[in-house]
1. On the given criteria, is Arg219 over 17 Å from the mean Cα position of the chain (by Cα), surrounded by fewer than 19 Cβ atoms within 10 Å (Cβ to Cβ), at pLDDT below 95 and among the basic types (Lys, Arg)?
2. Within the set of pairs 6 or more residues apart or between chains, which connect a residue that is over 16 Å from Glu184 (Cβ atoms) inside region 204-227 to a residue that is basic (Lys, Arg) and assigned to a helix (DSSP H, G or I) with Cβ atoms less than 8 Å apart?
3. Can you find even one residue in region 59-78 that is free of Cβ contacts under 8 Å to residues at least 60 places away in the same chain and among the hydrophobic types (A, V, I, L, M, F, W, C)?
4. Pairs please, first residue from region 250-268 and modelled with pLDDT of 95 or more, second anywhere and in a loop (DSSP other than H, G, I, E, B) and polar (S, T, N, Q), Cβ atoms under 9 Å, 6+ apart in sequence or on different chains.
5. What helices (runs of 4 or more DSSP H), lying completely within region 78-197, carry at least 2 residues that are at pLDDT 95 or above and among the basic types (Lys, Arg)?
6. With the checklist (1) within 17 Å of Ala30 (Cβ to Cβ); (2) within 16 Å of ligand 2 (Cβ to nearest atom) in hand, flag the one item Pro155 doesn't pass.
7. Can you report the number of residues in region 239-271 which are more than 16 Å from ligand 2 (Cβ to nearest atom) and in a loop (DSSP other than H, G, I, E, B)?
8. Here are some residues: Ala120, Ala83. Which one is surrounded by fewer than 15 Cβ atoms within 10 Å (Cβ to Cβ) and more than 20 Å from Gly274 (Cβ to Cβ)?
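The values are calculated or read from the model by the stated rules, or taken from the named source; none is laboratory data. What you see is a predicted model; the values in this text were computed from it and never measured. When we count neighbours, we look across all protein chains shown, and the Cβ atoms used for this are built from the backbone with ideal geometry, even at glycine.
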Amino acid sequence: MRGTVWAERKSGPAAAAWPRVLYKSERRMAYILTLANQKGGVGKTTTAVNLSAFLADQGYSVLLVDADPQGNATTSLGLVKTALPATLYEAMLGQLPLDHVIVPSGRSGLYLVPSTLQLAGVTVELLQQQERERRLARLLQPHSESYDFICIDSPPSLGLLTVNALVAAAGVLIPLQCEYLAMEGLAQLLGTVERVRQHLNPGLHLIGILMTMFDRRTRLSLEVLQEVQRHLPGKMFNALIPRNVRLGEAPSHGMTIWEYDQQCQGAMAYQLLGREFLGRLGISSAPAQQHKEGAYV
Ligand SMILES: Nc1ncnc2c1ncn2[C@@H]1O[C@H](COP(=O)(O)OP(=O)(O)OP(=O)(O)O)[C@@H](O)[C@H]1O
Ligand SMILES: [Mg+2]
């Protein structure tokens, strides 16, 4: 893979959008993507799970990090929280190495760092610790060469867990619900991204804004699109995620949208997003070789 996709990426049209891929002695590093929005229920987890599954299906090695104490990404992939040997919580507190926390998702090429409600305690327990906002970045760094993509699902807040997710990432994708007041809070989120970029992670890049729960029959959805385009030209993904009942049902079965109903509108929209996401990174093709051997350690 190193000689194909990564070389193409280096010279591709959007190579500048790939600030974290380093060519150190032919070794590559994963592209780390954080899904963030402090508003709840906008589609962060749905996007993290289905984009990760899309990338794995394309032959990439993907690690999905559930950095939300709600543990919705963990549940969405069908994992039973009470049966988990360890979670991100122990790794964040330095009690266990991340290797002991990563679990296979049961899908080829897709691995998970699971979480449970216990993770909520991290914010208080790290209060006295130095560089507490870099914990996740430091945990992921040694694993970067084992995966092509690391996707981090963050909680609906701008607290320590989201800041950790932004500090660890090369790119941030913001899902935005097509609803009244959608833009409210966006300025605050973009301000946080900018502050993290200035003070903690100069490589952080806004990869795009993804419009979710889109309903083309309503004037409101179209107005929200126009407003985002006007305020942030070029940042909105062309792929629009429709409000789709199948997307809402899939997690309750522990399935990705392709496992649950690959013909539905939601699946098609997420496929378009996956392609567009790769395109924004300057990648037009799937890896020449299937999943990197030994991605799961
Ligand atoms: N496009 C969609 N159409 C219909 N339902 C959706 C869609 N996207 C997500 N949902 C459903 O809406 C709810 C919220 O979505 P999701 O959990 O992805 O949002 P979130 O931003 O991660 O929420 P939170 O902030 O609580 O973590 C879930 O029940 C999900 O299944
Ligand atoms: Mg969520």
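1. It is true that Arg219 is over 17 Å from the mean Cα position of the chain (by Cα), surrounded by fewer than 19 Cβ atoms within 10 Å (Cβ to Cβ), at pLDDT below 95 and among the basic types (Lys, Arg).
2. Partner pairs satisfying both residue conditions: Leu204/Arg197; Ile207/Arg280; Gly208/Arg280.
3. No.
4. Within 9 Å, the pairs are Ala250/Thr256; Ile257/Asn244; Cys264/Asn244; Gln265/Asn244; Gly266/Asn244; Ala267/Asn244; Ala267/Thr256; Met268/Gln262.
5. Result: 135-140.
6. Going through (1) within 17 Å of Ala30 (Cβ to Cβ); (2) within 16 Å of ligand 2 (Cβ to nearest atom) one by one, Pro155 breaks only (1).
7. Selection size over region 239-271: 8.
8. Just one listed residue meets the conditions, Ala83.
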